[in-house]
Amino acid sequence: MVDTMRVHTTASPAEFAERVGGFLEREPARNNVLLVHALDPNGVPPGQGDPVFSWVTDASGELVGAAFARLPYRMPLSEMPDDAARALAEHLVTVLPDLEGVAGAAQSAKVFAARWAELTGKTANSERDQWLMVCTKTTRPADAAGGPRMSTQDDLETVAEWFMAGMRDSGLPPEQIAQRARQLAGGQLAGNRQIVWEDEHGTPVGAAGWGLRIAGVVRPAGVFVSPDHRSGGYATLLLGEVTARALDNGADACVCTHFLKYESMLAVVERVGYRRLADFTEYRFS
């Protein structure tokens with residue numbers, strides 16, 4: 001029953017990592033987003049108010065689920081029992097009543113969204129079905145057009161604009177997209193975790209970065225190709241290069257999220273070597 005579940009919250013990434021890190025690291029690929037929010041110094045996105053880190057324990061005190069929320073973003077949550085997802089909704093509706101939505105393991109997100117709708121009278125719209133995909137081995141093509149170089153400070157404005165364009169369907173307001181894109185691009189650049197791909201003429205055609213290695217897992221982030229160069233296979237080259245670099249440098253696996261509505265991208269991620277790991281769903285509350 002739901003009343004056997006207890007929800008705990010904190011605004012501190014360090015406390016969340018201490019309480020929940022071991023639980024999340026049991027499935028580091030599935031829980032990479034939550035681990036990033038907890039352990040990456042740039043993992044808490046800019047937003048409104050304090051972040052809300054949550055975890056759920058059952059009647060015996062065993063940890064059974066976790067989540068992270070900050071307005072105006074949709075809340076990622078781990079896989080958890082249905083009763084835990086309902087208990088999480090019942091608690092957060094009193095703490096964060098303006099939550100925009102939820103995203104995560106399909107069943108847990110569905111149960112949370114349904115209970116949220118019951119409690120608030122809002123509609124929970126299933127907006128983006130996703131596959132969480134994982135790659136443990138990739139090869140670089142021998143006939144690549146052009147090649148990669150590390151980004152420099154001179155690239156920051158262009159790369160941030162590219163990342164903004166790549167986030168246009170995120171559901172965030174434009175000013176929030178701009179803020180998040182700049183944080184993402186700037187953090188990758190400062191951490192020496194971003195490349196620009198140049199064609200055979202030395203023209204920058206796209207960029208990609210990657211996150212910190214956390215519990216052996218790295219997430220490529222911000223793969224974007226300039227609209228004028230979309231037919232050159234550069235998305236595959238960019239994703240493949242950052243994936244290869246992460247694996248070469250000791251990562252056990254890389255993960256990415258494939259949104260099912262973008263059918264052309266499935267061929268890209270599969271060519272690199274990514275395979276479906278789990279079904280995720282994203283809901284928007286209105």
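The values are calculated or read from the model by the stated rules, or taken from the named source; none is laboratory data. Because the structure is predicted, anything quoted here is derived from the model rather than measured. Cβ: placed from backbone, ideal geometry, glycine included. Neighbour counts: every protein chain shown. When the accessible area is computed, the model is the full protein with side chains, heavy atoms only, and any ligands, DNA or RNA have been set aside. Shrake-Rupley method; radii C 1.70, N 1.55, O 1.52, S 1.80 Å.
All alpha carbon pair distances within the stretch 99-203 were sorted into 5 Å bins beginning at 0; the resulting P(r) in whole percents reads 2, 10, 13, 13, 15, 16, 12, 8, 6, 3, 1, 0.
Provide, as a two-decimal number, the C-alpha radius of gyration of the stretch 1-77 over 2.2 N^0.38 Å, N being how many residues it has.
Rounded to two decimals, the normalised Rg is 1.07.
Dipole magnitude for the stretch 99-214: computed about the Cα centre from +1 point charges on Lys and Arg Cβ and -1 point charges on Asp and Glu Cβ, it is near 640 debye.
Provide the per residue accessible area, probe 1.4 Å, for the stretch 58-125, rounded to a whole number of square angstrom. Walk me through the numbers before you get to the answer.
On the way: 2560 Å² over 68 residues.
With all protein chains present, the stretch 58-125 gives 38 Å² per residue.
The spacing between the stretch 210-226 and the stretch 270-286, judged by their C-alpha centroids, is 15 Å.
P(r) tail, the stretch 1-143: Cα-Cα pairs separated by more than 20 Å, 46% of all pairs. Arg193 sits among other residues whose Cβ lies under 14 Å from its own Cβ, and their net charge, with Lys and Arg +1 and Asp and Glu -1, is 0. Using only alpha-carbon positions in the stretch 158-286, the gyration tensor eigenvalues give semi-axes of 20, 19, 17 Å once each is multiplied by 5 and square-rooted (largest first). In order along the stretch 238-249, the Karplus-derived 3J(HN,Hα) couplings, from 6.51 cos²θ - 1.76 cosθ + 1.60 at θ = phi - 60°, round to 5, 4, x, 5, 5, 5, 4, 4, 5, 5, 4, 8 Hz, and Gly and Pro are given as x.
Counting only residues at least eight positions apart within a chain, or on another chain, the lysines with an alpha carbon under 24 Å from that of Lys122 are Lys110.
For Ala14, neighbours were defined as the other residues whose beta-carbon sits under 15 Å from its Cβ, and their charges (Lys and Arg +1, Asp and Glu -1) total -3.
When shorter helices are ignored and each DSSP H run of at least 4 residues is given -39500 (n - 2.57), the per-residue value for the chain at 222 nm works out to -11000 deg cm²/dmol.
For the stretch 137-286, the solvent-accessible area of protein heavy atoms averages 49 Å² per residue (probe radius 1.4 Å; ligands and nucleic acids excluded).
Given Cβ point charges of +1 (Lys, Arg) and -1 (Asp, Glu) and nothing else, what value in debye, to the nearest 20, does the dipole of the stretch 192-286 about its Cα centre take? It would help to have the intermediate numbers written out before the result.
Details: 10 positive and 11 negative charges, 75 e Å.
The calculated dipole for the stretch 192-286 is roughly 360 debye.
Applying the Karplus relation 6.51 cos²θ - 1.76 cosθ + 1.60 with θ = phi - 60° to the stretch 187-192 yields 3J(HN,Hα) values of x, 5, 4, 5, x, 6 Hz, where x marks Gly and Pro. Summary of the geometry: the stretch 95-149 and the stretch 242-258, compared by the centres of their Cα atoms, lie 19 Å apart.
Here the peptides 141-147, 94-100, 268-274, 107-113 are ranked by packing, the mean other Cβ count within 10 Å, and the order with the highest first is 107-113, 268-274, 94-100, 141-147.
Pair-distance distribution P(r) for the chain, from all Cα-Cα distances in 5 Å bins starting at 0: 1, 6, 12, 16, 19, 17, 12, 8, 5, 3, 1, 0, 0 percent.
Roughly how many percent of the accessible protein surface of the chain is carbon and sulfur, given a 1.4 Å probe and a whole-percent answer? Spell out each step's value before the answer.
Details: 6240 of 13050 Å².
Whole-percent figure for carbon plus sulfur exposure: 48.
Charged side chains reduced to their Cβ positions (Lys and Arg at +1, Asp and Glu at -1) give the chain a dipole of some 220 debye around its Cα centre.
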